[in-house]
Structure formats: C-alpha cells, structure tokens
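Here's the structure, in structure tokens; my notes come after.
Read-outs: derived from the displayed coordinates by stated rules, not from any lab. From a predicted model like this one, the values you see are computed outputs, not experimental measurements. Here Cβ is always computed from backbone atoms with ideal geometry, including for glycine, and neighbour counts include all displayed protein chains.
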Amino acid sequence: MNKKTSFAAACLTFTLLIAAGFAPYSAGTAHAHDVQGLLDKVIQGTHRSDANRARDQYRHPKETLLFFGLRPDMTVVEISPANGWYTEIIAPLLKQQGQYYAAVPALNDDMPEAMKRRDTTYRQMLKAAPELYGEPTVKAYDSAAPVFAPEGTADLVVTFRNVHNWAKVGHTQAMFKGFFQALKPGGVLGVVEHRAKPDTPLSKQIESGYMTEQFVIEVATAAGFRLDRSSEINSNALDTKDHPGGVWNLLPNLRGVAESDKPKYRAIGESDRMTLRFVKP
C-alpha cells in the first residue's frame with residue numbers, strides 16, 4: 001500500500017467513526033482527563049441501539065469503566081460479553097492504541113441452540129464493523145481450565161454479571177485463577193455482579209442469581225488478588241432481592257412475571273449490584 005492509498009484509507013476510517021458519533025483516539029488525546037470525553041462520545045455513538053442506550057441508566061457504563069481505570073491504550077479482556085452490550089463501548093475506545101479480547105464460552109454439543117446462535121451473532125457483529133471495532137481477538141475458553149489471553153499481557157479484565165453462572169457449575173475459582181494469569185502485575189480485575197444480602201447461603205445465591213460480596217472477595221483473594229476498592233455506582237436500593245424467580249424477574253428479562261405485575265418490576269429497574277476493583281500484586 002503506497003502513501004497515497006494509506007492516507008485515503010485513514011481518512012475513510014476517520015469519516016466512518018465521525019459518522020458513528022465519535023472521533024478515533026490518537027496520541028494527542030492520551031491524557032487521563034480526556035478519557036471521560038472519549039467515553040461520552042462512544043456511549044453517545046449512533047452504532048448503539050435505542051434498547052442498549054435505555055439500559056445506561058441502570059448499568060452506568062461511563063462511571064463503571066472509569067472506576068476500573070479503562071484507558072484507550074490498554075489491553076482489555078472482557079469475559080463472556082454475551083450480545084456485546086459492553087463490547088460496543090470498550091472495543092471502539094481501544095481500536096487505535098489498545099487491544100480488545102472477547103473471551104467467549106467454548107461451544108459444545110450440549111449447549112443450548114440459543115447460546116450457539118448468540119455466539120454466531122456476536123462474532124458477526126465484530127466482523128461487520130472493523131471501522132468501529134478494529135481487529136479484536138475472540139478467544140473461546142473452557143470454564144474448568146480457562147485461558148483468556150497470553151499470560152501476563154492484560155492491563156484490565158472485566159466481567160459483568162457472570163459470577164453466579166460459574167458458581168452454578170463449580171468453576172468460580174478456576175475462572176478467577178484464569179483472570180490472575182492473564183493480567184500483568186499491577187493489572188486490574190473489575191467485577192460487577194448481582195448482590196445478595198450478607199450471609200445468604202451459597203445454594204440460595206446460585207438459585208437466585210445474587211451473590212454475596214463476601215463470596216466474590218474470598219474467591220478473588222484465594223486466586224491471589226487484592227481488593228483495591230469498591231463502589232456503589234451500580235447499587236439499587238429498590239431491589240429487595242427476594243423475587244420468586246430470582247434476579248431474572250427484574251429488567252431486562254421480566255422472566256415468569258405476570259402481566260399485571262410487570263409495572264411493579266419495571267419500577268424497580270435492574271438489580272442491585274456490587275462493583276469491585278481488584279489488583280494483581
């Protein structure tokens with residue numbers, strides 16, 4: 001590719017990013033105080049659907065990612081990104097100077113077809129918009145012995161509302177060990193999870209989808225992490241955590257909720273959540 005062609009390609013990428021609602025990161029915007037503005041532009045980008053934007057009031061993506069210390073020049077691993085709600089925010093921010101790893105569950109014949117379709121749709125989303133996502137790495141992992149990225153290369157590992165799934169299959173400790181191995185010394189693990197009331201029995205935590213902070217902190221500490229600090233960014237005092245169908249009765253699922261009860265559950269919003277920042281010594 002000659003210089004003229006390279007310049008034209010760069011201009012095209014810049015134009016597409018502007019059309020999506022934000023400008024690409026460059027060395028001139030590397031300072032920490034600029035990260036907030038960059039996040040604002042990505043979050044407001046037109047590549048995000050109205051349905052995804054509607055959840056910002058519950059998920060607080062800007063505040064959460066700033067709390068975890070996200071910067072555009074990082075190597076970031078997102079664990080089990082599902083439909084890509086957070087991918088749409090994190091990956092574009094890393095496109096120019098960083099590296100994004102999407103760690104997805106390895107598929108097998110026993111998995112529900114819905115999970116297989118979701119995996120296909122997610123991969124297609126990334127491939128369809130390189131001008132937004134660059135060249136992310138999609139890494140399939142086995143939760144019993146996971147490898148998320150080359151050892152000691154990640155600056156930040158993030159997981160959103162996944163711990164209860166690993167607890168259900170008894171792989172929580174293996175997952176946190178995998179996070180520890182992927183991170184550099186001084187790297188950060190950011191955890192957001194549905195929060196159970198203190199002293200809730202583990203069986204009830206798994207049944208309801210709400211985990212105690214104590215459980216998460218103990219598992220992370222056993223894997224070698226140090227709790228750096230916690231935040232109430234994603235707390236919700238309206239969530240009583242005693243719903244018949246667990247956390248899934250709440251938005252966005254409203255699973256098993258009678259039509260007459262849906263206004264009540266919509267008024268609660270999404271779940272009360274812990275937001276924990278751990279550091280690898």
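Placing a pseudo-label 7 Å from each Cα along the Cα-to-Cβ vector at Ala237 and Ala54 gives an inter-label distance of 2.7 nm.
For Thr46, the shell of other residues with beta-carbons less than 15 Å away shows a net charge of -2, using +1 for Lys and Arg and -1 for Asp and Glu.
Taking each DSSP H run with n ≥ 4 as -39500 (n - 2.57) and averaging over every residue of the chain yields -11500 deg cm²/dmol at 222 nm.
Sorting the segments 63-70, 200-207, 220-227, 180-187 by their mean number of nearby beta carbons within 10 angstrom, highest to lowest, gives 63-70, 180-187, 220-227, 200-207. Here the gap between Ser203 and Lys127, fully extended at 0.36 nm per residue and compared with their Cα-Cα distance, gives a gain of 23.4 nm.
This structure gives percent of Cα pairs over 28 Å apart, computed directly, and of (1) 38; (2) 63; (3) 32 that value is listed as (1). Excluding same-chain neighbours fewer than eight residues apart, the lysines reachable from Lys262 by a Cα-Cα span under 17 Å are Lys241. Neighbours of Arg123 by Cβ distance under 12 Å: Lys/Arg scored +1, Asp/Glu scored -1, total +4. Taking every DSSP beta bridge with both residues inside the chain, roughly what % is antiparallel (nearest 5)? The answer is about 35 percent antiparallel. Take every pair of alpha-carbon atoms less than 8 Å apart whose residues are at least six positions apart; their mean separation over the length of the chain yields a relative contact order of 16 percent. Straight-distance candidates among the lysines for linking to Lys95, with alpha-carbon spacing under 29 Å and chain neighbours fewer than 8 residues away dropped: Lys3, Lys4, Lys41, Lys62, Lys116, Lys127, Lys139, Lys177, Lys184, Lys280. Separation of the stretch 93-136 and the stretch 52-85, taken as the distance between their Cα centroids, equals 15 angstrom. Note on Glu135/Ser230: beta-carbon distance plugged into 1/(1 + (r/R0)^6) with R0 of 30 Å gives a FRET efficiency of 0.30. Electrostatic bookkeeping for Phe180 treats Lys and Arg as +1 and Asp and Glu as -1; over the other residues with beta carbon under 12 Å from its beta carbon, the sum is +3. Between Met111 and Val169, the simple spin-label model (points 7 angstrom out along Cα→Cβ) gives 0.9 nm.
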